[in-house]
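Let me begin by presenting the structure, written as structure tokens, before commenting on it.
The values are calculated or read from the model by the stated rules, or taken from the named source; none is laboratory data. Here the structure is a predicted model, which is why all the values come from computation and not from measurement. Positions of Cβ are generated from backbone atoms using ideal geometry, with glycine treated the same way; all protein chains shown enter the neighbour counts. Remember, those area values only see protein heavy atoms, side chains included, never the ligands or the DNA or RNA. Shrake-Rupley method; radii C 1.70, N 1.55, O 1.52, S 1.80 Å.
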Amino acid sequence: MLWILLAVPVVSAMLAFALPWNWPRRGLLVASSGAHLGLAAAAIGRTPAPVLDGWIALDGTSLLFLAITSVVFFVVSIYAVGYLAHQVRVAEDPGREVPFVDYPEAVFTGCLLLFLAAMTLVIVSHHWGLMWVAVEATTLASAPLIYFHRHPRSLVATWKYLVICSVGIALALLGYFFLAVSAEVRELSPIHLTIADLENHARQLDPAWLKAAFLLLLVGYGTKMGLAPLHTWLPDAHSEAPSMVSALLSGVLLNCAFLAILRGHSLLAKAGLGDFSRELLVLFGLVSMVFAAVFVIRQADYKRLLAYSSVEHMGILSLGAGIGGIAGFGSMLHAVNHSLTKAMLFLAAGNTLHYFHTKSTLEARGLARALPVTALVWIAGLLAITGFPPFGPFVSELMILKGMIDGSRILVAIVYLVALAAILVAMAAIVIPMVYGKPPRSESPAEASEPPAAGARPGARSPAEPLWSAVPPLLLAAAVLVLGVYVPQPLSDFLHRAAIAVGAE
Amino acid sequence: MAEWLDAILVLVILTNLWLLGSSRLRACIQAAALQGILLGLIPLLATWPAITARLAGVAAASIVVKAIVLPAMLRRAAREANVVYEVQPLVGFTTSLLLGIVLWGLATHIAGRLPVAMLHVAPLLIPVAIFTILCGFLVIASRNTAVMQVIGYLALENGIYIFGWAFAIEDPLLVEMGVLLDVFVAVFVMGIMIYRLSREFDTIETDEFTSLKE
């Protein structure tokens, strides 16, 4: 069953590369992500047996992250179908200016599916080396996705992403070797570097090497997760990639890196070095939140705004895991909430970008009139992501706060609240004018005929908000809303299992 | 075989200094290729005479990829992008060499402090591994051409590998091959990127890519 889970996206990726027709390929994308979702649901119902000597297995944490990945990917794949069809229509429009030539759709779809396969492998791999291979594979599979528009700027963003992440992840490889050494100096070999084996022998491992290993893993995978100050690739990649890819990067990929860090934390906790890893996680979490707060203020590009918000939320996840207790549970719940919310916001950003052809927060105004559904998603997303009730993130952020107060980490709680408040004000000050503001009426006659003037787009052949662009973000919004009011019992059990498995609770 | 191993390790140090001191891309690619060969020999010599077929296979695969395939791809990328020299590095070549010597001191210092006395590791292996990693970082951080950054990445990866072999970490074959495949694809994708970058910007000096500055 685990093999099938991995094989579905790989095989469909190969098919996608080979298929010469657009529509069957799009159908394949939805079908295989639907199959992935179905298999994930089946795995949650009955946990499949480990394969490959326990290298590939599913535990509580894997299942949680698998569920997030599968759901977000499925929703995004529906959006993708409409998006790709739209791109082709635009490309065939003889009257348009040619700002860029998109990557071939076959390559794009294939890489999308390979990306899913690589992320699934990260989630199910229970061997440190295999996990490293998988994380690096996610970088390689997603690089062509970021470069989809073939614009010089997206090229630079892709280059930065590739180099920074590859170098960062190289450090994680060194961390993996350090783990091996920590077993070897105690003459525990031959020990398998699987998560279970290492955790069973955790107390016998050499603590000095283990600490060094965790540091390297944290820096390495932290680069990928976007923890400040290692996040430098993230705003560029998120703002230059097509919005649906940004949704995947933010909603799913960052989580996978977080999972790898959690595994390290769990190992240290079992080895009795939990305090060391906890303090590091808290430190990186706070630094990320403060960094994000600084860059969110007066951000002029709404996709960068969302990217920095991801840095913030990765900080919150790391912080919650570091604080532990109920905050550990909160952190798991927040991973779910953030993925759904951020994916929906990026999809809304995609719709906005399509309509206004600009990423400037000053020019893309008057959404409420131009794109009412997208405007609704923006407002719901804004409230959700900044932690307003009744949305999900409010609950999880509150739990993390409670964890801090339970652990009497008052100083941490103050920094946390100040950063949250600053980001709330900054984001509201940007997003609300975008939704309700007046579209810039350009006075100069040269600009008056430009299409970006909202509501004045003459003779738009397709409706401003076709179903494919409106429904997926609304689905996500509904899910976030439900999670804010009521966390279903099975999910809550899961979150507990996940939080316990990673030693965060 | 210990003297042979030491000789190889000294050669690795020299390739690193070569990498730091040379402005010609072809020379640097050459150095990286040579490092790839040496890297493949290290595990064979370190475990001599108890070489297993598996180890020999891994070493051979690593030599083929790191000494032949990747340098060929880089050479092609450099040719297509039409760059011959690293013209204005952030840190000059003489300074880089001097820094290299400082880094060597640092590497031996760190290696001396690692608690590895109980393992019978050849004394030069760990400092050389750390030195190679540090040199890789220096090249990535201080060079402007995209090709040089990829070479720096390769050096970094090589250093990490020497470290792995220093402890004769019995990696499962699957992981070993997976890592090699990842490095191969990474350099492959980077090579394509270099080509496109050169077409878009008429240069592949990464500090020219200012369009994404904050």
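Among the residues making up region A:344-355, those that are open to solvent by less than 20 Å² (accessible area, probe 1.4 Å) and either touching a Ser or Thr at 6+ places or on another chain (Cβ under 7 Å) or among the hydroxyl-bearing types (Ser, Thr, Tyr) (or both) are A:Phe346, A:Leu347, A:Ala348, A:Ala349, A:Gly350, A:Asn351, A:Thr352.
If the condition is being at pLDDT 90 or above and touching an Asp or Glu at 6+ places or on another chain (Cβ under 8 Å), then region A:400-450 contributes A:Ala419, A:Leu420, A:Ile423. Between B:Ala61, B:Ala111, B:Ala77, the distinction of being within 14 Å of chain A (Cβ to nearest Cβ), farther than 24 Å from B:Leu134 by Cα and surrounded by 14 or more Cβ atoms within 10 Å (Cβ to Cβ) belongs to B:Ala77 only. Test A:Met427 against the stated conditions and say whether it is closer than 15 Å to A:Leu481 by Cβ and among the aliphatic types (A, V, I, L, M). No. For region A:277-297, the criterion of being under 28 Å from A:Lys359 (Cα atoms), open to solvent by 10 Å² or more (accessible area, probe 1.4 Å) and aromatic (Phe, Trp, Tyr) is met by at least one residue.
The single residue among A:Ala343, A:Ala349, A:Ala375, A:Ala335 that is in contact (Cβ under 8 Å) with a residue 60 or more places away in the chain, farther than 24 Å from A:Met225 by Cα and in contact with a helix residue (DSSP H, G or I) (Cβ under 8 Å, 6 or more places away or on another chain) turns out to be A:Ala375.
Screening the candidates A:Gly226, A:Gly220 for the property of being within 12 Å of another protein chain (Cβ to nearest Cβ), among the small types (Gly, Ala, Ser) and within 19 Å of A:Glu136 (Cβ to Cβ) yields one hit, A:Gly220. For the structure I just gave you, tell me whether A:Leu234 is under 20 Å from A:Ile261 (Cβ atoms), away from every other protein chain (no Cβ under 13 Å) and crowded, with 20+ Cβ neighbours inside 10 Å. No: the conditions fail for A:Leu234. Within the group A:Leu215, A:Leu145, A:Leu227, A:Leu193, which residue is open to solvent by 10 Å² or more (accessible area, probe 1.4 Å) and under 29 Å from A:His338 (Cα atoms)? Of A:Leu215, A:Leu145, A:Leu227, A:Leu193, the one residue that is open to solvent by 10 Å² or more (accessible area, probe 1.4 Å) and under 29 Å from A:His338 (Cα atoms) is A:Leu215.
Applying the condition of being open to solvent by less than 30 Å² (accessible area, probe 1.4 Å) and of a type outside the set (A, V, I, L, M) to region A:27-53 and asking which residue is farthest from A:Thr109 (Cα to Cα) yields A:Pro48.
Against the list (1) more than 7 Å from chain A (Cβ to nearest Cβ); (2) surrounded by fewer than 23 Cβ atoms within 10 Å (Cβ to Cβ); (3) touching a Pro at 6+ places or on another chain (Cβ under 9 Å), the condition B:Val189 fails is (1). Output the residues belonging to region B:114-129 that are at the interface with chain A (Cβ under 10 Å from one of its Cβ atoms) and modelled with pLDDT of 90 or more. Once the filter is applied, which keeps residues that are at the interface with chain A (Cβ under 10 Å from one of its Cβ atoms) and modelled with pLDDT of 90 or more, region B:114-129 yields only B:Ala129.
The residue that is most open to solvent (accessible area, probe 1.4 Å), among those in region A:151-186 that are facing chain B (nearest Cβ under 8 Å) and charged (D, E, K, R), is A:Arg153. Please verify whether A:Glu465 is at pLDDT below 90, touching a helix residue (DSSP H, G or I) at 6+ places or on another chain (Cβ under 7 Å) and crowded, with 16+ Cβ neighbours inside 10 Å, treating the condition exactly as stated. Judged against the criteria, A:Glu465 is a match. Annotation: of all residues in region B:162-186 being open to solvent by 20 Å² or more (accessible area, probe 1.4 Å) and in contact (Cβ under 8 Å) with a residue 12 or more places away in the chain, the one that is nearest to B:Pro127 (Cα to Cα) is B:Trp165.
Does A:Gly328 count as open to solvent by less than 20 Å² (accessible area, probe 1.4 Å), out of contact with any strand residue (DSSP E or B) (no Cβ under 7 Å at 6 or more places or on another chain) and under 18 Å from A:Val219 (Cα atoms)? When the stated conditions are applied, A:Gly328 does not pass them. Those residues that are buried (at least 24 other Cβ atoms within 10 Å of the Cβ) and more than 20 Å from A:Arg304 (Cα to Cα), I need them from region A:356-391; list them, please. Once the filter is applied, which keeps residues that are buried (at least 24 other Cβ atoms within 10 Å of the Cβ) and more than 20 Å from A:Arg304 (Cα to Cα), region A:356-391 yields A:Leu371, A:Phe391.
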